[in-house]
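Structure record follows, encoded as structure tokens.
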Amino acid sequence: MNYEFQQTNLSRGLLAGLLAGLISVAVNLIIIFCFGTSGIGSRYSVIINPFTIFLGGVIPTIFGGIVYSFFSGIKSRNLMHVVIFGVLTFLCAKNTYHIHLINDPGVEKPFHQILVSMIIVAGLCATFIMPIIINNKKLQQALF
């Protein structure tokens with residue numbers, strides 16, 4: 001049987017978002033493996049764990065895929081997508097330093113460094129990698 005069908009913009013955006021999210025998760029796991037989480041203490045290790053690393057990498061990129069698919073009729077959708085998600089990444093990374101769960105600066109500094117790096121990696125994947133995946137014809141034929 002032949003199961004070939006024409007992909008919609010939404011399905012292409014969702015699949016590209018999922019692939020970019022998996023790339024983000026892999027990069028975040030490598031960063032955390034290299035730098036470790038021993039400096040953040042046991043209280044923050046509840047927040048920074050493999051499940052939250054997975055969700056923090058996949059959910060923003062899938063959201064980016066949905067937003068990108070809504071820009072399908074606009075000629076400058078790549079530019080709009082890069083600007084919107086670049087600004088969102090910057091604002092999220094900047095506002096992360098306002099999170100204070102423990103009043104111990106020795107523990108909060110490593111926590112903020114890990115959290116900001118996770119946000120920046122997920123944001124860069126949603127901003128740049130996802131449009132590359134969607135617009136590259138060879139990747140579309142191989143993946144979709």
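The numbers here are math on the coordinates, done by the rules we state, and not lab data. Just so you know, these numbers come straight off a predicted model, no measurement behind them. For neighbour counting, all protein chains shown are included, and Cβ atoms are generated from backbone atoms with ideal geometry for every residue, glycine included.
Could you order the peptides 49-57, 111-119, 15-23 from most to least packed, using the average number of other C-beta atoms within 10 Å per residue?
On the way: 49-57: 15.2, 111-119: 19.6, 15-23: 22.3.
Highest to lowest by the protection proxy: 15-23, 111-119, 49-57.
Potential lengthening of the chain between Ile66 and Gln141 amounts to 25.0 nm, from the contour at 0.36 nm per residue minus the alpha-carbon distance. Only lysines eight or more places from Lys94 in sequence, or on another chain, were considered; those with a Cα closer than 20 Å are Lys109. PRE reach from Leu18 (point 7 Å along Cα→Cβ): which of region 124-144 fall under 14 Å by backbone N? It comes to 143-144, nothing else.
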